[in-house]
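The values are calculated or read from the model by the stated rules, or taken from the named source; none is laboratory data. Fair warning: this is a prediction, and the values are worked out from it, not measured in the lab. Positions of Cβ are backbone-derived with ideal geometry, glycine not excepted, and every protein chain shown enters the neighbour counts.
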């Protein structure tokens, strides 16, 4: 389709978009803790969030197609193929984190090893967001030892909920 015609056309299919397919080398597939990359990725060029991953090229393309169709079904308008898509980033609230700021800073430093101000955290941030281990167990043990609270039943294990429980145990 020509460039001028593309400004009038709006019923795009995945085939209208430029796609790159990447096969990772064995070195790139080395797992980082619980994070394991798929060997194949198919991605719409200039739209970095529109991608599919899979064990084969076909699986990656199939996943990309499913994600595109889901997006298309819910979008008011599709972007014109070839245009650079700037993702809209919305952060969750920080009301609870701010309420327990001193506890959060202490917990992040003593349990997870982060200096205050060196991380981005919201009320929805979880222990999972700050490590690559297969389990939260080592961190939950540290929380028990340092603060005397059991946070293993908090699901999801948000930093805000853990800080709230620490606060409750200190205030009573």
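Report yes if some residue within region 64-76 is under 22 Å from residue 19 (Cβ atoms) and assigned to a loop (DSSP other than H, G, I, E, B); otherwise report no.
The answer is yes; a qualifying residue exists.
Have a look at 162, 143, 166 and point out the one that is more than 23 Å from residue 34 (Cα to Cα), touching a helix residue (DSSP H, G or I) at 6+ places or on another chain (Cβ under 7 Å) and buried (at least 16 other Cβ atoms within 10 Å of the Cβ).
Checking each option against the conditions leaves just 166.
Would you check if residue 156 is closer than 27 Å to residue 36 by Cβ, surrounded by fewer than 13 Cβ atoms within 10 Å (Cβ to Cβ) and in contact with a helix residue (DSSP H, G or I) (Cβ under 8 Å, 6 or more places away or on another chain)?
Against the criterion (closer than 27 Å to residue 36 by Cβ, surrounded by fewer than 13 Cβ atoms within 10 Å (Cβ to Cβ) and in contact with a helix residue (DSSP H, G or I) (Cβ under 8 Å, 6 or more places away or on another chain)), residue 156 qualifies.
Of all residues in region 96-121, count the ones that are surrounded by fewer than 17 Cβ atoms within 10 Å (Cβ to Cβ) and either within 20 Å of the chain's Cα centre (by Cα) or part of a loop (DSSP other than H, G, I, E, B) (or both).
Adding up the residues that qualify gives 9.
Residues of region 25-47 being surrounded by 12 or more Cβ atoms within 10 Å (Cβ to Cβ) and in a loop (DSSP other than H, G, I, E, B), which ones?
37, 38, 39, 45, 46, 47
Can you tell me which condition residue 59 does not meet? The list is (1) in contact with a helix residue (DSSP H, G or I) (Cβ under 9 Å, 6 or more places away or on another chain); (2) in the same structural domain as residue 48 (by TED's automatic domain parsing), and all the others hold.
So residue 59 meets the others, but not (1).
For the structure I just gave you, tell me whether residue 168 is in a helix (DSSP H, G or I) and modelled with pLDDT under 95.
yes
Any residue at all in region 144-165 that's assigned to a loop (DSSP other than H, G, I, E, B) and either in contact with a strand residue (DSSP E or B) (Cβ under 8 Å, 6 or more places away or on another chain) or under 30 Å from residue 46 (Cα atoms) (or both)?
yes
Take the residues in region 68-95 that are touching a helix residue (DSSP H, G or I) at 6+ places or on another chain (Cβ under 9 Å) and farther than 23 Å from residue 114 by Cβ; name whichever of them is surrounded by the most Cβ atoms within 10 Å (Cβ to Cβ).
So, considering only residues that are touching a helix residue (DSSP H, G or I) at 6+ places or on another chain (Cβ under 9 Å) and farther than 23 Å from residue 114 by Cβ, the one surrounded by the most Cβ atoms within 10 Å (Cβ to Cβ) is 68.
I'd like to check something: does region 126-139 contain any residue that is modelled with pLDDT of 95 or more, in contact with a strand residue (DSSP E or B) (Cβ under 7 Å, 6 or more places away or on another chain), surrounded by 13 or more Cβ atoms within 10 Å (Cβ to Cβ) and within 27 Å of residue 34 (Cα to Cα)?
Checked region 126-139: at least one residue is modelled with pLDDT of 95 or more, in contact with a strand residue (DSSP E or B) (Cβ under 7 Å, 6 or more places away or on another chain), surrounded by 13 or more Cβ atoms within 10 Å (Cβ to Cβ) and within 27 Å of residue 34 (Cα to Cα).
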